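To keep things clear, I will list the structure first and then write my remarks on it.
Values quoted throughout were computed directly from the atomic coordinates according to the rules given, and no laboratory measurement underlies them. Predicted model only: the values in this text are computed from it and were never measured. Reconstructed Cβ throughout: ideal geometry from the backbone, glycine too, with neighbour counts over all protein chains shown.
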Amino acid sequence: MVDQLTLELGLPAPTYAREDFVVSAGNRDALAWIDRWPDWPAPALALNGPSGCGKTHLGRIWAARANAVVMDGTDLENKGVPDLVALASASPAIVIDHADRAPERGLFHLYNLMRERGRHLLLISEAPPAHWNIELPDLASRLRAAPAVAVAPPDDELLGSIILKQLADRQLHAGPGVVQYLVSHMERSADAARRVVAALDQRALAEGREISRSLATDVLADATLKEDK
């Protein structure tokens, strides 16, 4: 079984439009919290889940909805209080990806500044804040008060739906058993689905082949060989 899929195809950046987000049981609660904004019970919402589960897509949906600035937790490093005041003053909302990597004092001050202004933070990480190794008690107490919602990795139905949508977006037809084979053998993430369908499209065009289970096997095998090098 292929555990990872790494294809260097020079693909365009993924789109994070709301209409491209496939809803499932594993992400429905998280999407409901995104849609609930600005009626959140705290200045922050913590969004967590494993890599490839769709956290980034949800974050971008909220960023578009809330006109939020998107940044990484490490972007808060070396920022003093004046920098944070300027950031909070200029930003109606902020998405912080890898929020668990943010310096604690920087995140603490930013949280307070956004709360004072009636604004919101979306904190994205793999683990919920309750599992972060937080040494600053005041930050820990604030994050405990913030709602935390988990996003599950794609199940078979969701991953198959994502693959079908990627095929439809490219106006491609897959032969019998292709989607089921991919679901059983590829990395379980939306990004991997995008990359594998792009690889199928590219290889089918280059070799004049239909998108069959045989082609899918070849594409995944090539990905494995690249990873083994």
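Roughly how many debye, to the nearest 20, is the charge dipole of the range 25-150 about its Cα centre, given +1 on each Lys and Arg Cβ, -1 on each Asp and Glu Cβ, and no other charges?
Once rounded to the nearest 20, the dipole reads 340 debye.
Mean residue ellipticity at 222 nm from the helices of the chain, using -39,500 (n - 2.57) per DSSP H segment of n ≥ 4 over the full residue count, to the nearest 500 deg cm²/dmol? Walk me through the intermediate numbers first.
Working: 9 runs with 109 residues, N = 229.
Per the formula, -15000 deg cm²/dmol.
If you take the charge dipole of the range 25-150 about its Cα centre, with +1 on Lys and Arg Cβ and -1 on Asp and Glu Cβ, which of Ala102, Trp132, Pro147 is farthest toward its positive end?
Pro147
Using only the Cα atoms of the range 12-55, what are the Rg and Dmax in Å?
11.9, 37
Three principal axis extents, largest first, for the C-alpha atoms of the range 156-228, in Å?
Its Cα atoms span 30, 28, 19 Å along the three principal axes.
Would you mind calculating the relative contact order of the chain from Cα pairs under 8 angstrom and at least 6 residues apart, reporting the percent as a whole number?
29 percent
Once the piece of chain linking Ser184 and Arg65 is laid out straight, how much longer is it, given 0.36 nm per residue of separation minus the C-alpha distance between them?
39.4 nm
Considering all projection directions equally, how large on average is the shadow of the alpha-carbon convex hull of the chain, in square nanometres?
13.8 nm²
Expressed as a whole number of Å, what is the distance separating the alpha-carbon centroids of the range 59-81 and the range 85-130?
Rounded to whole Å, the Cα centres lie 7 Å apart.
Which helices, counted as full DSSP H runs in the chain, have an axial Cα extent of no less than 15 Å and a Kyte-Doolittle average of 1.0 or above?
Helices passing the filter in the chain: none found.
Under a point-charge model restricted to the Cβ atoms of Lys and Arg (+1) and Asp and Glu (-1), what is the dipole moment magnitude of the chain relative to its Cα centre, in debye to the nearest 20?
Dipole magnitude for the chain comes out near 580 debye.
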